[in-house]
Amino acid sequence: MTIRELREKSMKLPLTPGVYIMKNKHDEIIYIGKAKALKNRVSQYFGSDKNHPQKVRQMVMNVDHFEYILCDSEFEALVLECSLIKQHKPKYNILLKDDKGYSYIRISNDEWRKLSFEMQKADDGAEYLGPYMSAWYARNAVDEAKKIFRLPSCGKSFPRDIGKGRPCLNYHIRQCNAPCCGKMTKQEYNESVNAAVEFLKKGGSDTIQILTDKMNRAAEHLDFELAAKLRDRITAVKRITEKQKVVASDVKEQDVIAVMTEGEDACFAVIRFADGRLYDKEDFLLKGFGENTDLSMARREFILQYYAMREKVPPVVMLDGETEDAELVLERLSELRGKKVRFVYPKKGEKHDLLEMCRKNAAERLAQSRGHLGHELSALDELARLLGLAKVPVFIESYDISNLMGTENVAGMVVFRNGRPLKESYRKFKIKGFVGQDDYASMNEVLTRRFEEYFKDKDSGRGFGQLPDLILLDGGKGQVSAVRPVLERFGLEIPLFGMVKDGSHRTRAITDEGNEIAITSKRQAFTLISTIQDEVHRFAIGYHRQARKKKALSSSLTEIDGIGTERAKALLSYFKTIKRISMAETEELLQVRGMNRPAAEAVYRYYHDTDNHEN
């Protein structure tokens, strides 16, 4: 069917809840969605695509026909949608790859027993703890136990490797008792392994109580050396336990979910808590996510699919933004859990800190997949939320004006991509529209020229052919007001802000044409903005000094008879410095474009006549 035919068919749908199934020309299901009113929802796909994200436009281009299923309620449609997506895995729905399997902690049956993390349980005579649903938890539990009970984490085998080397760093930082160097007997080693297994089986609080009882008995029997060792173990267990509780001292059981996007990719991160302790961390990288995707809709799809794969639904789910059909989604989660579930959207305090931690995990995973650093993406994300931007500003342009009392009026443009300077895209502008000092008019002229070039180069995407996600001007409300008409005249909707400095020339705030936005409390965004403002100022003032120096050099040449501005520029372009011009012979001077013999001889006499250089 054509788009027109699809729209005509969609306009005949009933205004009732249901599920719609988009298919391509091969009769393959490519998208499944639910609707409160089928007619309204489905017809939107086949109307104007102006506001559709790229992924939706791509999907619509591949739709040949669609089917639908009527439901008695929107909630019934939601449940059916989840079931059908899980069954058919349509190309254009958000699909999660669940590679989560059972994990185990292995205690070998050797003479010198070892603890290790394993993905499979083997029939090898070893003892296995588990299964654990969280590989992250099992792996970290083994690491913690080895640190607390000072067991080796290297690959050495005992007794084969005993006495074959010196103690490693872990021994010196008190994280290993170095059985490889004979620092502990086999009996002492296996006692430590037994204690570690008890810790893994019973947890921190029970282990502390057991160790405390043993320590007291040792002290009563005057075995102070053993009591001291047990005291150190108790301290280590408490340190690990307290470290975990710092992460969530006031959180009992809940999940934290956050999403980061960049370009066509996205990453959802989930951090799970139970009994006040972080016990699992997962992230899901989604390629081809699509720019300008509705994140509230994406959260709905992700949450429904995620908990369809997990046995446990917590009473509280903490989110970093609104979710489409939140009440219906909560009804579904409550049904899966058997008890009420609620969403929370923290804005401050400890819960907000947990949310930020989750966002940073998502940013780090996404950054790794795209070949840059997580803290850069976190800073851009923080800036986007601070300024209320619809998406993370991957491509930022910044402008500054530089002059001295209206002379040598110039501007500099710097570009940051993914939070890093993109120096090959820096540009210099010489103000041409007027003479004198007017920073507002200068900024207006520079941005006008920049976007005139955009419309010349936009088809190629090179040079000025790419639009920025954000424009930052070095200045306040006046500069923003001077540039806003330029964007409106060209019909461009680009976020525009000014960077305000304090009396010490340090970044203080960001402003639009209305209010100032303080950024000092937003550490990562503040550092990024300060870096951009310092860089654009450095670049603009460097160009200004270069222009002044060139003018000063040109002015000294124009004192010579027969040398005007053009010949002065030509001489400087050829010889590069005044010193080299002064040392040139007449024949060399004649090699310069525009020079004749009288002019060349005048320059030679000027620099070789001592009268011209007397003080």
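The values are calculated or read from the model by the stated rules, or taken from the named source; none is laboratory data. Bear in mind that the values here come from a model prediction, so they are computed numbers and not experimental data. Counting neighbours? That spans all protein chains shown, and the Cβs are built from the backbone with ideal geometry, glycine included.
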- Note on the structure: Residues in segment 368-392 that are within 25 Å of Val317 (Cβ to Cβ) and either free of Cβ contacts under 8 Å to residues at least 24 places away in the same chain or surrounded by 22 or more Cβ atoms within 10 Å (Cβ to Cβ) (or both) total 9
- Task: Working only within segment 251-260, note down all residues that are modelled with pLDDT of 85 or more and of a type outside the set (A, V, I, L, M).
- Result: Glu253, Gln254, Asp255
- What about Gln437, is it in contact (Cβ under 8 Å) with a residue 40 or more places away in the chain and in a loop (DSSP other than H, G, I, E, B)? no
- Query: Of all the residues that make up segment 119-163, how many are among the charged types (D, E, K, R) and more than 16 Å from Val193 (Cβ to Cβ)?
  - Reply: 6
- Note on the structure: Within segment 393-421, the residues that are of a type in the set (A, V, I, L, M, F, W, C) and either surrounded by fewer than 18 Cβ atoms within 10 Å (Cβ to Cβ) or at pLDDT below 90 (or both) are Val394, Phe395, Ile401, Leu404, Met405, Val410, Ala411
- Message: Name the single residue that is surrounded by the most Cβ atoms within 10 Å (Cβ to Cβ) among those in segment 104-130 being farther than 21 Å from Glu188 by Cα and among the charged types (D, E, K, R).
- Response: Glu118
- Query: Quick one: which strands (runs of 3 or more DSSP E) sit completely within segment 1-118 and have at least 3 residues that are of a type outside the set (Ser, Thr, Tyr) and modelled with pLDDT of 90 or more?
  - Reply: 18-23, 29-35, 65-70
- Query: Of the residues Ala298, Ala367, Ala362, which is of a type in the set (Gly, Ala, Ser), modelled with pLDDT under 85, within 24 Å of the chain's Cα centre (by Cα) and not in a loop (DSSP other than H, G, I, E, B)?
  - Reply: Ala367
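Kindly evaluate Thr212 against the criterion of being among the hydroxyl-bearing types (Ser, Thr, Tyr), in a helix (DSSP H, G or I), surrounded by fewer than 16 Cβ atoms within 10 Å (Cβ to Cβ) and modelled with pLDDT of 80 or more.
yes
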- Search segment 178-190 for residues being in contact with a Phe, Trp or Tyr (Cβ under 9 Å, 6 or more places away or on another chain) and either at pLDDT 85 or above or not assigned by TED's automatic domain parsing to the domain that holds Ile162 (or both), and hand back the single one that is surrounded by the fewest Cβ atoms within 10 Å (Cβ to Cβ). Lys186
- Of the numbered conditions (1) of a type in the set (Lys, Arg); (2) at pLDDT 85 or above; (3) over 21 Å from the mean Cα position of the chain (by Cα), Lys432 satisfies every one except a single condition; which is it? (2)
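Consider Met357 carefully, then state whether it is in contact (Cβ under 8 Å) with a residue 24 or more places away in the chain and part of a strand (DSSP E or B).
no
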- Filter segment 148-196 for residues that are under 39 Å from the mean Cα position of the chain (by Cα), within 23 Å of Arg231 (Cβ to Cβ) and part of a helix (DSSP H, G or I) and give the result. Ile148, Asn170, Tyr171, His172, Ala196
- If the Cβ limit is 8 Å and pairs must be 6+ apart or interchain, which residue in segment 475-488 that is assigned by TED's automatic domain parsing to the domain that holds Ile529 pairs with which residue that is hydroxyl-bearing (Ser, Thr, Tyr) and at pLDDT 90 or above? Val486/Thr448
- Within segment 452-468, how many residues are closer than 30 Å to Ala518 by Cβ and surrounded by fewer than 20 Cβ atoms within 10 Å (Cβ to Cβ)? 1
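Mind listing whichever residues of segment 308-348 are under 22 Å from the mean Cα position of the chain (by Cα) and of a type outside the set (Phe, Trp, Tyr)?
Met318, Leu319, Asp320, Gly321, Glu322, Thr323, Pro346, Lys347, Lys348
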- Task: Please verify whether segment 133-147 includes one or more residues that are assigned by TED's automatic domain parsing to the domain that holds Ser192, in contact with a helix residue (DSSP H, G or I) (Cβ under 8 Å, 6 or more places away or on another chain) and not in a helix (DSSP H, G or I).
- Result: no
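For segment 262-295: of the residues being basic (Lys, Arg) and part of a strand (DSSP E or B), which is modelled with the lowest pLDDT?
Let us first name the residues in segment 262-295 that are basic (Lys, Arg), namely 272, 277, 281, 287.
Adding the requirement that they be part of a strand (DSSP E or B) leaves 272, 277, 281.
Working: Arg272: 87, Arg277: 73, Lys281: 83.
Here the answer is Arg277.
Only one of these is more than 19 Å from Lys252 (Cα to Cα) and surrounded by fewer than 18 Cβ atoms within 10 Å (Cβ to Cβ): Glu301, Glu364, Glu350, Glu327. Name it.
Details: Glu301 fails: surrounded by fewer than 18 Cβ atoms within 10 Å (Cβ to Cβ); Glu364 fails: surrounded by fewer than 18 Cβ atoms within 10 Å (Cβ to Cβ); Glu350 fails: more than 19 Å from Lys252 (Cα to Cα).
On inspection, the qualifying residue turns out to be Glu327.
Any residue that is part of a loop (DSSP other than H, G, I, E, B) and closer than 16 Å to Gly419 by Cβ - is there at least one of those in segment 503-522?
Let us first name the residues in segment 503-522 that are part of a loop (DSSP other than H, G, I, E, B), namely 503-506, 512-515, 519-522.
From what is left, the residues that are closer than 16 Å to Gly419 by Cβ are 519, 522.
The answer is yes; a qualifying residue exists.
Would you mention how many residues in segment 422-434 are in a loop (DSSP other than H, G, I, E, B) and either in contact (Cβ under 8 Å) with a residue 60 or more places away in the chain or buried (at least 16 other Cβ atoms within 10 Å of the Cβ) (or both)? Steps first, answer last, please.
Going through segment 422-434, the residues in a loop (DSSP other than H, G, I, E, B) turn out to be 422, 426, 431-434.
Restricting the remaining residues to those that are either in contact (Cβ under 8 Å) with a residue 60 or more places away in the chain or buried (at least 16 other Cβ atoms within 10 Å of the Cβ) (or both) gives 426, 431.
Residues flagged as in a loop (DSSP other than H, G, I, E, B) and either in contact (Cβ under 8 Å) with a residue 60 or more places away in the chain or buried (at least 16 other Cβ atoms within 10 Å of the Cβ) (or both) within segment 422-434 amount to 2.
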- Among the residues of segment 1-20, the number that are surrounded by fewer than 20 Cβ atoms within 10 Å (Cβ to Cβ) and either touching a helix residue (DSSP H, G or I) at 6+ places or on another chain (Cβ under 9 Å) or within 12 Å of Glu67 (Cβ to Cβ) (or both) is 9
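Regarding Lys23, is this residue outside the structural domain of Glu264 (by TED's automatic domain parsing) and surrounded by fewer than 16 Cβ atoms within 10 Å (Cβ to Cβ)? Give the steps one after another, and end with the answer.
Numbers: outside the structural domain of Glu264 (by TED's automatic domain parsing): yes; surrounded by fewer than 16 Cβ atoms within 10 Å (Cβ to Cβ): no.
Criteria not met by Lys23.
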